[in-house]
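Novice: Okay, here's the structure, questions in a sec.
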Amino acid sequence: MSPLRLSRFVLPAVVLAAGVTALSSSAAPPGGASQAPAKITPERVDGVHLGDTHQDLRNRGKVGPIQPGCELGGPNTRSANLRAPLKGFVTYSLSSPRRVRSITVRGGARARGVGIGAKIPAILAKFPNAKVDHSTDQVFQLTLVMTPKRRNGHRIMFGVSTQTKRTTVIGVPGIGFCE
C-alpha cells in the first residue's frame, strides 16, 4: 500500500482518537470525584447518623452487608463497611434492631476541613478546645486528639500516627481499638 493510501486511513483515525480524548478530558471525572468531601459532625458522617438502623442505612446505600465485628467485643458484635465516597465502617449495637454505635472513617470525609492526612496543629487550629492524649502512643502507635463532648455526649476523635504525624483515622464518637 502506498504512503498516500495509508494516510487516507490513518489520518482520520488519529483525528477521531484526538476528538474522543478531548471530549473525555473535558467531561467531569467519573464517580463524583469533583464533589466536596463528606461532612463529619459529632452526631454523623455524611448521611450516616449515630442511632440509625442497619436496614435503613442499607436501603439508602450507605453501608454494605452486615458482618461480624471485633472479636474482643464478644460473639454478638456486628459491623458494616461504609460505601463510597466514604472509607471506613460502622459498629452496631449488640441487640436487634442493630443501631449505629460508632462510625470510623479512613477517608472521604472532613470535619471543619480537617481530614485524613492532617497534622495535630491543623486539628487544634480548627478545634481549639481539643485535648491531645498520648496514652495510646506506645501500644497502638496512635496519638488521640479528642474534641470536647457536646451536650448530647458525642465528640469527634482523631487518630494521629506516631510515625507519620498525620491523621490516619477519625471516629465518631470515638475510635474503637480491635487489634
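The values are calculated or read from the model by the stated rules, or taken from the named source; none is laboratory data. If you're wondering where the values come from, they're calculated on a predicted model, not measured in any experiment. As a convention, Cβ positions derive from the backbone with ideal geometry for all residues, glycine included, and neighbour counts pool all protein chains shown. These area figures cover heavy atoms from the full protein model, side chains too; ligands, DNA and RNA do not enter into them. Shrake-Rupley method; radii C 1.70, N 1.55, O 1.52, S 1.80 Å.
Novice: Pick from the stretch 97-135 the residues that are touching a residue at least 12 places away in the same chain (Cβ under 8 Å), among the small types (G, A, S) and outside any loop (DSSP other than H, G, I, E, B): which of them is most open to solvent (accessible area, probe 1.4 Å)?
Specialist: We begin by selecting, within the stretch 97-135, every residue touching a residue at least 12 places away in the same chain (Cβ under 8 Å); these are 97-120, 123-124, 126-127, 129-133.
In the following step, the residues that additionally are among the small types (G, A, S) were identified as 102, 107-109, 111, 113, 115, 117-118, 130.
With the extra rule that they be outside any loop (DSSP other than H, G, I, E, B), the set shrinks to 102, 107, 109, 111, 115.
Working: S102: 23, G107: 8, A109: 4, A111: 0, G115: 5 Å².
Out of the qualifying residues, it is S102.
Novice: Restricting attention to the stretch 145-179, which residues are open to solvent by 10 Å² or more (accessible area, probe 1.4 Å), assigned to a strand (DSSP E or B) and among the aliphatic types (A, V, I, L, M)?
Specialist: Selection gives M146, M157.
Novice: Here are the criteria: (1) modelled with pLDDT of 95 or more; (2) among the hydrophobic types (A, V, I, L, M, F, W, C); (3) over 17 Å from the mean Cα position of the chain (by Cα). Tell me which single one L72 does not satisfy.
Specialist: It fails just one condition, (1).
Novice: Considering (1) in contact (Cβ under 8 Å) with a residue 24 or more places away in the chain; (2) surrounded by fewer than 17 Cβ atoms within 10 Å (Cβ to Cβ); (3) closer than 21 Å to V169 by Cβ, say which one V90 fails and leave the rest.
Specialist: It fails just one condition, (2).
Novice: Inspect the stretch 57-74 for any residue being acidic (D, E) and within 29 Å of G113 (Cβ to Cβ) and give the result as yes or no.
Specialist: Scanning the stretch 57-74 turns up no residue that is acidic (D, E) and within 29 Å of G113 (Cβ to Cβ).
Novice: Within the stretch 68-75, does at least one residue satisfy the condition of being within 18 Å of V169 (Cα to Cα) and small (G, A, S)?
Specialist: Checking the stretch 68-75: at least one residue is within 18 Å of V169 (Cα to Cα) and small (G, A, S).
Novice: If a residue must be aliphatic (A, V, I, L, M) and more than 11 Å from V145 (Cβ to Cβ), how many such residues does the stretch 112-128 contain?
Specialist: Count: 2.
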